[in-house]
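Following: one structure in structure tokens, then a few remarks.
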There are 2 protein chains.
Amino acid sequence: MPNKKYPSVVFKERIKSIRLELENYCNETVSLYKKAISLFEKYDQKKADEVVEKSKEMDIYGYEIERSCIRFIAVEQPLASDLLYVESSIRVMSHIKRIAYLCRNIAEACNEIKDIKISEQLKSDVQFMIDYVQIMLTKGFSSFINQDISRAKELAVDDDKVDDLFDSILRQITQLVAQKTDFALGIINLLFLTRYLERIGDRVVQIGDRVVFINTNRRPRIEQLKEEN
Amino acid sequence: MPNKKYPSVVFKERIKSIRLELENYCNETVSLYKKAISLFEKYDQKKADEVVEKSKEMDIYGYEIERSCIRFIAVEQPLASDLLYVESSIRVMSHIKRIAYLCRNIAEACNEIKDIKISEQLKSDVQFMIDYVQIMLTKGFSSFINQDISRAKELAVDDDKVDDLFDSILRQITQLVAQKTDFALGIINLLFLTRYLERIGDRVVQIGDRVVFINTNRRPRIEQLKEEN
């Protein structure tokens, strides 16, 4: 096989098809996220059920993409940079699969949140966090699809904003927990919802890290700095 | 290269060294977990700081193992089953890295929990969950190290027990949240602690799934069944 011309036409077609599959998976995940978070503003049981169903399908679909990546490596034996790309695609897939799963968690949490009474400030902070994570999501996915290092590097900074929002929301929820309330389960689920959002942010940062890793073979410095703080 | 005898002596040595690195990483993660959860029973700031530091080191160490796996694939071009093993090791590494990170989260949560007053029942349920997750952890790691499918398959059932414990603890915490309390932040962190434990359980199940996947090239049926429920 090493005597054959590298990369072959079939090889190029296959790597293109993996890329398309991943792009499609990213787009479906963004749609799923939008549907899941729409439940925070207005809960709709039918929509929530659809999110749960779709999330299950995405999990199986993600496994299939992963398997086709492994088959590709085994059959085509791609050289260094192509290998690293496919390899990283497998890693990124596991993050995106997890994000799709978190959308399901969000839909389920929203069911418990729908009847609680919370302040306009808290509501608006959660909505801001929802929107911010959505921006990160599309940025993270496009940085991966286009192998755009500079956008990928922005994600760790975006995530600091999400973490700040989380801290502010946590403080407000702590005040609610301190008081007697009729909405205990709703408040707990609001806490979980914001935690899921924060987790999606973290996953997106890891996707960005992966883009940096593929293109430089180095761990992103910003992540190391964040950890040192 | 395909003309050379496969696998070469160097190859065998290298795959052995990857296996040893992984085994070492697993052992260190179990130690880290034990240290982190000891803080629930008796908080000690010095120990907590050590967990945080160690967790950072583990993250970097995990990255290094992952890179050496990728180099191994690129240089040695292992054939199907060896490739699948190394490939899966990379995936498993990301789960173990995450578990090590969750140990850090646990240590941080324990700092907020240390002064709260909770019922003996709740305390004993949390302790039971802690112990159960530890059993899953050692079982999951040994099923991976020894490629033991039958133990790997047990993990999804073990995880149901952890989920039941989580639900019971959640009910008790919901009651606490409904009342006026002086320990709001502590209660929230107790909630997070149990959520982290539940997340570790999920990760271990995913490691088990991976063991099944490596050895059968199939998604474990039990996982599909769980999702359908």
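The values are calculated or read from the model by the stated rules, or taken from the named source; none is laboratory data. Fair warning: this is a prediction, and the values are worked out from it, not measured in the lab. Glycine gets a Cβ as well: all are built from the backbone with ideal geometry, and neighbour counts include every protein chain shown.
Quick one: A:Leu32 ticks every box in (1) under 30 Å from B:Ser81 (Cβ atoms); (2) crowded, with 21+ Cβ neighbours inside 10 Å except a single one, so which number is it?
The number of the failed condition is (1).
Select from the range A:165-202 the residues that are within 7 Å of chain B (Cβ to nearest Cβ) and of a type in the set (S, T, N, Q) and write down the one among them that is surrounded by the fewest Cβ atoms within 10 Å (Cβ to Cβ).
Among residues in the range A:165-202 that are within 7 Å of chain B (Cβ to nearest Cβ) and of a type in the set (S, T, N, Q), the one surrounded by the fewest Cβ atoms within 10 Å (Cβ to Cβ) is A:Gln179.
Filter the range A:84-125 down to the residues that are β-branched (Val, Ile, Thr) and in contact with an Asp or Glu (Cβ under 6 Å, 6 or more places away or on another chain) and list them by number.
A:Ile90 - this is the single residue of the range A:84-125 that is β-branched (Val, Ile, Thr) and in contact with an Asp or Glu (Cβ under 6 Å, 6 or more places away or on another chain).
For the range A:38-146, which fully contained helices (runs of 4 or more DSSP H) count at least 1 residues that are surrounded by fewer than 17 Cβ atoms within 10 Å (Cβ to Cβ) and within 11 Å of another protein chain (Cβ to nearest Cβ)?
Correct list: A:45-76, A:80-113.
If you check B:Ile214 against the conditions, is it part of a helix (DSSP H, G or I), at pLDDT 95 or above and of a type outside the set (Phe, Trp, Tyr)?
No.
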